[in-house]
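Structure record follows, encoded as structure tokens.
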């Protein structure tokens, strides 16, 4: 029988995350991690740097041609990335 203050490790971690308001940072890290899965191997190979600041994803690519192509797919990428995380993490992508 569980005591009223007993909780699983998962429940304790979730409570800790909520208490210290870490949800946004965790979702940002998840979004950066799933970049390669969403964009594919080719784009991932040409990605030099990737970070989230505020609600913007900054992407440094080593190919100007690829950067121009991705500008056209920006809205679709935002939707796919947010969907993969399960939360509205970014609203804009800035290609550097």
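Rule-based calculations on the coordinates, nothing more; no lab input. Just so you know, these numbers come straight off a predicted model, no measurement behind them. Because the Cβ atoms are built from the backbone with ideal geometry, glycine has one as well, and the counts that use them run over all protein chains shown.
Legend: Rg and Dmax of the stretch 12-58, from Cα coordinates, 13.3, 40 Å. Averaging 1/r across all pairs of distinct Cα atoms in the stretch 23-95 and inverting the result yields a Kirkwood radius of 12.1 Å. The stretch 53-92 has equivalent-ellipsoid semi-axes of 20, 11, 8 Å, by the square roots of 5 times the alpha carbon gyration tensor eigenvalues, sorted largest first.
Taking other C-beta atoms within 10 angstrom as a stand-in for reagent exposure, 51, 95 fall in the order 51, 95, fewest first. Rounded to the nearest 0.05, what FRET efficiency is calculated for residue 60 and residue 37 with R0 set to 22 Å and r the Cβ-Cβ distance? Approximately 0.70, to the nearest 0.05.
Exposure proxy ranking for 46, 21, based on other Cβ atoms within 10 angstrom of each Cβ and starting from the fewest, stands as 21, 46.
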